[in-house]
1. Quote the relative contact order of the range 75-193 in percent (integer), defining contacts as alpha-carbon pairs under 8 Å separated by 6+ residues.
2. Please give the net charge around P89, taking every other residue with its beta carbon less than 12 angstrom from that of P89, where Lys and Arg add +1 and Asp and Glu add -1.
3. What FRET efficiency, computed as 1/(1 + (r/R0)^6) with R0 = 22 Å and r the Cβ-Cβ distance, is obtained for D96 and E141, rounded to the nearest 0.05?
4. For the range 75-193, what is Rg from Cα atoms divided by 2.2 N^0.38 Å, rounded to two decimals?
5. Add +1 for every Lys or Arg and -1 for every Asp or Glu among the other residues with Cβ under 13 Å from the Cβ of A103, and state the total.
6. What ³J(HN,Hα) values, in whole Hz, does the Karplus curve 6.51 cos²θ - 1.76 cosθ + 1.60 give for the range 106-114 when θ = phi - 60°, with x put for Gly and Pro?
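Each value in this text was obtained by applying a stated rule to the coordinates, not by laboratory testing. Note that the structure is predicted; figures quoted are calculated from it, not measured. For neighbour counting, all protein chains shown are included, and Cβ atoms are generated from backbone atoms with ideal geometry for every residue, glycine included.
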Amino acid sequence: MNERGNRRAAWALSERSNGFSAVIETVPRSNMPLPFYLTKNIRMKAMLPFPWRRRMVMAGVALLTISACKANPMTVTLDVVYFNYLNRPIFDAFVDGKAGDRASAYPATGGSTITGVRLALGPKRVTWRLDGPAGSPRLGETVTARNQPALLEVPGDAVFLGVHIYPDETVELIPTHHYPRMTEKGEAMARAAKP
């Protein structure tokens with residue numbers, strides 16, 4: 001190896017401490033000097049100096065990839081209509097804290113619509129407050145549905161969500177394409193609950 005080849009090998013060893021290793025093979029040639037970029041059989045390999053650093057970098061990349069794939073819950077946007085089968089009006093009716101409205105007592109119920117309510121699929125929390133004339137029992141009390149209503153499957157053509165509040169403080173959620181109607185179950189329960 002000539003003097004120039006020795007200098008190149010020394011350069012390769014000094015770079016090893018900075019996290020790079022280079023293997024330089026020189027080919028015997030005439031005394032005519034050639035530029036470094038024309039030297040044949042040069043191989044350079046960049047690598048992290050310690051295997052544990054390489055593992056840490058790969059683990060970080062994997063973690064970022066997994067966290068970027070966080071699944072968002074599926075949502076639907078519907079127009080909400082409340083049906084109150086109680087013998088008294090209700091107000092501040094909410095589905096998961098959205099679509100606040102009031103509903104008159106049965107049979108004058110289901111007349112108003114809250115449009116464009118975005119709801120996630122799954123179990124729902126339905127609450128309402130009791131209204132009525134002064135002195136009515138539980139006046140202004142907030143009631144939470146005794147059952148766990150759920151919005152699991154919504155037909156692709158659904159536009160409305162009927163929220164049916166029954167006298168036994170249970171709730172039924174019914175998505176429909178057309179404007180919702182009172183349920184037979186609700187009408188029967190309301191008639192039976194009338195004084």
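1. 28 percent
2. Neighbour charge sum, excluding P89 itself: 0.
3. So the FRET efficiency works out to roughly 0.65.
4. Normalised Cα radius of gyration, the range 75-193: 1.00.
5. 0
6. 4, x, 8, 10, x, x, 10, 10, 9
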